[in-house]
1. Report, to the nearest whole %, how much of the accessible area of the chain belongs to carbon and sulfur atoms, 1.4 Å probe, protein only.
2. Expressed as a whole number of Å, what is the distance separating the alpha-carbon centroids of segment 39-106 and segment 173-224?
3. With respect to the cross-link table entries Lys199/Lys228; Lys199/Lys231; Lys114/Lys255; Lys71/Lys255, which display a Cα-Cα separation exceeding 28 Å?
4. How much length, in nm to one decimal, is gained on full extension between Thr252 and Thr103, taken as 0.36 nm per residue of separation minus their Cα-Cα distance?
5. Go through segment 235-241 residue by residue and turn each phi into a ³J(HN,Hα) via Karplus (6.51, -1.76, 1.60, θ = phi - 60°); whole Hz please, and just put x for glycine and proline.
6. Which value in deg cm²/dmol, rounded to the nearest 500, describes the helix-derived mean residue ellipticity at 222 nm for the chain, given -39,500 (n - 2.57) per DSSP H run of n ≥ 4 and division by the residue count?
7. Under a plain spin-label model, where a point goes 7 Å from the Cα along Cα-to-Cβ, how far apart in nm are Ser12 and Thr145?
8. Relative to the Cα centre, what is the charge dipole magnitude of the chain, using +1 at the beta carbon of each Lys and Arg, -1 at the beta carbon of each Asp and Glu, and rounding to the nearest 20 debye?
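The values are calculated or read from the model by the stated rules, or taken from the named source; none is laboratory data. Predicted model only: the values in this text are computed from it and were never measured. Quick reminder, even Gly has a Cβ in these numbers, built from the backbone with ideal geometry, and neighbours come from all protein chains shown. These area figures cover heavy atoms from the full protein model, side chains too; ligands, DNA and RNA do not enter into them. Shrake-Rupley method; radii C 1.70, N 1.55, O 1.52, S 1.80 Å.
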Amino acid sequence: MNLHRLMQMHASGEKISMLTAYDATFAALADRAGVDSLLVGDSLGMVSQGRDSTLSVSLEDVVYHTKCVAKGVQAAQNNACIISDLPFGSYQISKEQAMQSATALLQAGAHMVKLEGGGWTNEVVQFLTDRGVLVCAHLGLTPQTVFALGGYKVQGRDEQAALTLLNHATQLEQAGASMLVLEMVPVDLAQKVTSKLSKCATIGIGAGNVTSGQVLVMHDMLGAGIGKLPKFVRNFLIDQPGVEQAMRAYVTAVKDGTFPDNERHAW
Ligand code: KIV
(Lines give C-alpha, C1' and ligand atoms only; values in the text may rest on other atoms or scores of the structure.)
Protein backbone atom coordinates (compact mmCIF):
# COMPACT_ATOMS: atom_id res chain seq x y z
CA MET A 1 0.00 0.00 0.00
CA ASN A 2 1.13 3.38 -0.88
CA LEU A 3 0.91 5.87 1.91
CA HIS A 4 4.69 5.72 2.00
CA ARG A 5 4.76 6.64 -1.70
CA LEU A 6 2.29 9.49 -1.09
CA MET A 7 4.49 10.84 1.69
CA GLN A 8 7.56 10.57 -0.58
CA MET A 9 5.66 12.50 -3.24
CA HIS A 10 4.81 15.15 -0.67
CA ALA A 11 8.43 15.37 0.50
CA SER A 12 9.74 15.67 -3.05
CA GLY A 13 7.13 18.25 -4.10
CA GLU A 14 5.30 15.96 -6.53
CA LYS A 15 1.60 16.80 -6.54
CA ILE A 16 -0.83 14.17 -5.24
CA SER A 17 -3.91 13.36 -7.34
CA MET A 18 -7.08 12.25 -5.60
CA LEU A 19 -10.59 11.50 -6.87
CA THR A 20 -13.67 10.35 -5.08
CA ALA A 21 -14.80 6.79 -5.86
CA TYR A 22 -17.86 4.86 -4.80
CA ASP A 23 -17.89 1.64 -6.80
CA ALA A 24 -15.57 -1.07 -8.12
CA THR A 25 -15.64 -0.23 -11.83
CA PHE A 26 -14.79 3.45 -11.52
CA ALA A 27 -12.25 2.70 -8.78
CA ALA A 28 -10.49 0.22 -11.10
CA LEU A 29 -10.47 2.75 -13.94
CA ALA A 30 -9.05 5.44 -11.65
CA ASP A 31 -6.40 3.08 -10.32
CA ARG A 32 -5.40 2.10 -13.87
CA ALA A 33 -5.28 5.77 -14.81
CA GLY A 34 -2.70 6.37 -12.09
CA VAL A 35 -4.83 8.31 -9.60
CA ASP A 36 -2.76 8.29 -6.39
CA SER A 37 -5.58 8.22 -3.91
CA LEU A 38 -9.29 7.39 -3.93
CA LEU A 39 -11.62 9.02 -1.45
CA VAL A 40 -14.78 7.13 -0.54
CA GLY A 41 -16.38 10.43 0.34
CA ASP A 42 -19.66 10.93 2.12
CA SER A 43 -20.48 12.95 -1.00
CA LEU A 44 -21.90 9.54 -1.96
CA GLY A 45 -25.01 10.75 -0.17
CA MET A 46 -25.45 13.34 -2.88
CA VAL A 47 -24.07 11.68 -6.01
CA SER A 48 -25.23 8.08 -5.37
CA GLN A 49 -28.20 8.47 -3.03
CA GLY A 50 -29.64 11.71 -4.41
CA ARG A 51 -29.75 13.54 -1.06
CA ASP A 52 -29.12 17.25 -0.80
CA SER A 53 -26.46 16.99 1.92
CA THR A 54 -24.02 14.42 3.31
CA LEU A 55 -25.71 14.30 6.71
CA SER A 56 -27.84 11.22 6.16
CA VAL A 57 -24.93 8.99 5.14
CA SER A 58 -24.41 6.17 7.65
CA LEU A 59 -21.28 4.31 8.65
CA GLU A 60 -22.78 1.20 7.02
CA ASP A 61 -23.13 3.12 3.75
CA VAL A 62 -19.45 4.10 3.76
CA VAL A 63 -18.41 0.55 4.76
CA TYR A 64 -20.39 -0.83 1.81
CA HIS A 65 -18.88 1.61 -0.72
CA THR A 66 -15.38 1.12 0.72
CA LYS A 67 -15.68 -2.63 0.12
CA CYS A 68 -16.73 -1.96 -3.50
CA VAL A 69 -13.85 0.47 -4.09
CA ALA A 70 -11.31 -1.86 -2.47
CA LYS A 71 -12.41 -4.68 -4.80
CA GLY A 72 -11.95 -2.41 -7.81
CA VAL A 73 -8.50 -1.28 -6.74
CA GLN A 74 -7.43 -4.89 -6.07
CA ALA A 75 -8.65 -5.92 -9.52
CA ALA A 76 -6.61 -3.15 -11.17
CA GLN A 77 -3.02 -2.16 -10.37
CA ASN A 78 -3.64 -1.97 -6.63
CA ASN A 79 -1.71 1.26 -6.28
CA ALA A 80 -4.22 3.79 -5.02
CA CYS A 81 -4.40 4.67 -1.35
CA ILE A 82 -8.03 4.35 -0.21
CA ILE A 83 -9.31 6.99 2.18
CA SER A 84 -12.82 6.63 3.61
CA ASP A 85 -14.93 9.31 5.23
CA LEU A 86 -16.09 8.93 8.79
CA PRO A 87 -19.69 10.08 8.26
CA PHE A 88 -21.55 12.56 10.45
CA GLY A 89 -22.36 11.09 13.85
CA SER A 90 -19.71 8.34 13.68
CA TYR A 91 -16.92 10.17 15.54
CA GLN A 92 -18.46 13.15 17.34
CA ILE A 93 -19.58 11.34 20.51
CA SER A 94 -16.26 10.07 21.86
CA LYS A 95 -12.74 9.06 20.88
CA GLU A 96 -13.75 5.46 21.48
CA GLN A 97 -16.68 5.79 19.10
CA ALA A 98 -14.29 7.25 16.49
CA MET A 99 -11.95 4.29 16.93
CA GLN A 100 -14.81 1.81 16.50
CA SER A 101 -15.99 3.58 13.35
CA ALA A 102 -12.45 3.80 11.95
CA THR A 103 -12.00 0.08 12.63
CA ALA A 104 -15.08 -0.72 10.53
CA LEU A 105 -13.71 1.34 7.62
CA LEU A 106 -10.22 -0.16 7.81
CA GLN A 107 -11.72 -3.66 7.95
CA ALA A 108 -13.73 -2.82 4.83
CA GLY A 109 -10.52 -1.97 2.94
CA ALA A 110 -9.66 1.67 3.70
CA HIS A 111 -6.03 2.60 4.38
CA MET A 112 -6.87 5.92 6.00
CA VAL A 113 -9.95 7.64 7.43
CA LYS A 114 -11.05 11.24 6.97
CA LEU A 115 -12.89 13.42 9.45
CA GLU A 116 -14.06 17.03 9.38
CA GLY A 117 -13.38 19.98 11.63
CA GLY A 118 -10.70 21.60 13.75
CA GLY A 119 -10.11 22.26 17.45
CA TRP A 120 -12.29 19.62 19.10
CA THR A 121 -11.03 17.01 16.60
CA ASN A 122 -7.40 17.25 17.81
CA GLU A 123 -7.87 14.74 20.58
CA VAL A 124 -9.80 12.38 18.29
CA VAL A 125 -6.99 12.52 15.69
CA GLN A 126 -4.37 12.00 18.42
CA PHE A 127 -6.31 9.01 19.81
CA LEU A 128 -6.62 7.39 16.37
CA THR A 129 -3.04 8.02 15.23
CA ASP A 130 -1.64 6.79 18.58
CA ARG A 131 -3.40 3.52 17.76
CA GLY A 132 -1.98 3.26 14.26
CA VAL A 133 -4.91 4.68 12.29
CA LEU A 134 -3.87 7.04 9.49
CA VAL A 135 -5.98 10.19 9.45
CA CYS A 136 -6.82 12.77 6.81
CA ALA A 137 -8.35 15.93 8.31
CA HIS A 138 -10.69 18.34 6.49
CA LEU A 139 -10.97 22.11 7.07
CA GLY A 140 -12.57 25.08 5.30
CA LEU A 141 -15.98 24.21 3.91
CA THR A 142 -16.87 21.12 5.92
CA PRO A 143 -20.10 19.75 4.39
CA GLN A 144 -21.13 17.88 7.56
CA THR A 145 -21.60 21.27 9.26
CA VAL A 146 -23.15 23.01 6.26
CA PHE A 147 -26.14 24.26 8.28
CA ALA A 148 -23.91 25.80 10.96
CA LEU A 149 -21.78 27.40 8.22
CA GLY A 150 -24.89 28.88 6.58
CA GLY A 151 -24.49 27.08 3.25
CA TYR A 152 -21.85 25.91 0.79
CA LYS A 153 -19.72 29.05 1.04
CA VAL A 154 -16.05 30.01 0.87
CA GLN A 155 -14.44 29.84 4.32
CA GLY A 156 -11.52 31.66 5.96
CA ARG A 157 -12.08 34.93 4.15
CA ASP A 158 -11.61 37.35 7.04
CA GLU A 159 -8.43 37.67 9.06
CA GLN A 160 -9.77 36.03 12.23
CA ALA A 161 -11.28 33.05 10.39
CA ALA A 162 -8.05 32.60 8.41
CA LEU A 163 -5.96 32.64 11.60
CA THR A 164 -8.27 30.11 13.27
CA LEU A 165 -8.03 27.79 10.27
CA LEU A 166 -4.23 28.10 10.22
CA ASN A 167 -4.07 27.25 13.96
CA HIS A 168 -6.40 24.30 13.51
CA ALA A 169 -4.24 22.99 10.66
CA THR A 170 -1.07 23.22 12.77
CA GLN A 171 -2.75 21.44 15.68
CA LEU A 172 -4.05 18.66 13.42
CA GLU A 173 -0.55 18.09 12.08
CA GLN A 174 0.77 17.92 15.66
CA ALA A 175 -1.98 15.44 16.52
CA GLY A 176 -0.68 13.18 13.73
CA ALA A 177 -2.85 13.87 10.67
CA SER A 178 -1.01 12.73 7.51
CA MET A 179 -3.21 14.68 5.09
CA LEU A 180 -5.49 17.68 5.23
CA VAL A 181 -8.26 18.48 2.74
CA LEU A 182 -8.74 22.24 2.33
CA GLU A 183 -12.12 22.92 0.75
CA MET A 184 -13.16 26.28 -0.67
CA VAL A 185 -10.66 28.58 0.99
CA PRO A 186 -8.85 31.57 -0.53
CA VAL A 187 -5.68 30.68 -2.45
CA ASP A 188 -3.41 32.76 -0.19
CA LEU A 189 -4.73 30.98 2.91
CA ALA A 190 -4.21 27.56 1.27
CA GLN A 191 -0.67 28.69 0.46
CA LYS A 192 0.00 29.75 4.07
CA VAL A 193 -1.32 26.46 5.47
CA THR A 194 0.65 24.39 2.95
CA SER A 195 3.93 26.14 3.69
CA LYS A 196 3.36 26.01 7.46
CA LEU A 197 2.86 22.22 7.48
CA SER A 198 5.78 19.92 6.84
CA LYS A 199 4.64 16.37 7.64
CA CYS A 200 1.01 16.79 6.57
CA ALA A 201 0.14 17.02 2.84
CA THR A 202 -2.60 19.49 1.92
CA ILE A 203 -5.18 18.43 -0.68
CA GLY A 204 -7.17 21.27 -2.19
CA ILE A 205 -10.66 21.45 -3.63
CA GLY A 206 -11.53 24.99 -4.62
CA ALA A 207 -8.35 26.20 -2.91
CA GLY A 208 -6.11 26.97 -5.91
CA ASN A 209 -3.09 25.08 -7.20
CA VAL A 210 -0.85 25.87 -4.24
CA THR A 211 -1.66 22.76 -2.20
CA SER A 212 0.32 19.49 -2.13
CA GLY A 213 -2.40 17.83 -4.20
CA GLN A 214 -5.96 18.07 -5.52
CA VAL A 215 -9.22 16.22 -5.10
CA LEU A 216 -12.39 16.39 -7.19
CA VAL A 217 -15.70 14.60 -7.00
CA MET A 218 -15.43 12.05 -9.82
CA HIS A 219 -18.86 12.76 -11.29
CA ASP A 220 -18.01 16.46 -11.56
CA MET A 221 -14.74 15.93 -13.46
CA LEU A 222 -16.51 13.57 -15.87
CA GLY A 223 -19.17 16.16 -16.63
CA ALA A 224 -21.77 13.95 -14.93
CA GLY A 225 -22.67 16.34 -12.14
CA ILE A 226 -26.30 17.38 -11.93
CA GLY A 227 -27.21 20.80 -10.61
CA LYS A 228 -24.93 23.80 -10.41
CA LEU A 229 -21.24 22.92 -10.55
CA PRO A 230 -18.68 24.94 -8.60
CA LYS A 231 -16.66 27.18 -10.92
CA PHE A 232 -13.34 25.50 -10.07
CA VAL A 233 -14.53 22.16 -11.55
CA ARG A 234 -13.18 21.15 -14.98
CA ASN A 235 -14.77 18.55 -17.25
CA PHE A 236 -11.85 16.28 -18.22
CA LEU A 237 -13.97 13.96 -20.36
CA ILE A 238 -14.82 16.64 -22.88
CA ASP A 239 -11.54 16.25 -24.81
CA GLN A 240 -10.98 12.54 -24.17
CA PRO A 241 -12.33 9.34 -25.76
CA GLY A 242 -13.20 7.63 -22.47
CA VAL A 243 -13.33 7.69 -18.69
CA GLU A 244 -9.90 6.18 -18.04
CA GLN A 245 -8.27 8.67 -20.42
CA ALA A 246 -10.14 11.55 -18.73
CA MET A 247 -8.88 10.41 -15.34
CA ARG A 248 -5.35 10.15 -16.75
CA ALA A 249 -5.67 13.70 -18.12
CA TYR A 250 -6.73 14.83 -14.64
CA VAL A 251 -3.67 13.16 -13.06
CA THR A 252 -1.38 14.82 -15.62
CA ALA A 253 -2.96 18.24 -15.10
CA VAL A 254 -2.65 17.96 -11.31
CA LYS A 255 0.97 16.82 -11.54
CA ASP A 256 2.06 19.51 -13.99
CA GLY A 257 0.14 22.23 -12.14
CA THR A 258 -2.22 23.12 -15.00
CA PHE A 259 -5.22 22.13 -12.88
CA PRO A 260 -6.64 24.00 -11.15
CA ASP A 261 -6.37 27.42 -12.68
CA ASN A 262 -6.06 29.97 -9.87
CA GLU A 263 -7.70 32.63 -12.01
CA ARG A 264 -10.95 30.65 -12.11
CA HIS A 265 -11.46 30.77 -8.38
CA ALA A 266 -9.71 33.81 -7.03
CA TRP A 267 -11.72 34.17 -3.85
O1 KIV B 1 -17.09 13.67 0.58
C2 KIV B 1 -16.31 14.11 -0.27
O3 KIV B 1 -16.36 13.77 -1.46
C4 KIV B 1 -15.30 15.07 0.16
C5 KIV B 1 -14.51 15.77 -0.89
C6 KIV B 1 -15.33 16.75 -1.61
C7 KIV B 1 -13.26 16.38 -0.35
O8 KIV B 1 -15.15 15.28 1.33
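1. Carbon with sulfur: 52 percent of the solvent-accessible area.
2. Their Cα centres are 19 Å away from one another.
3. The pairs that break the limit, which is 28 Å between Cα atoms, are Lys199/Lys228; Lys199/Lys231.
4. 50.3 nm
5. 7, 8, 7, 4, 9, 10, x
6. -12000 deg cm²/dmol
7. Those two pseudo-labels are separated by 3.7 nm.
8. Here the size comes out at about 240 debye.
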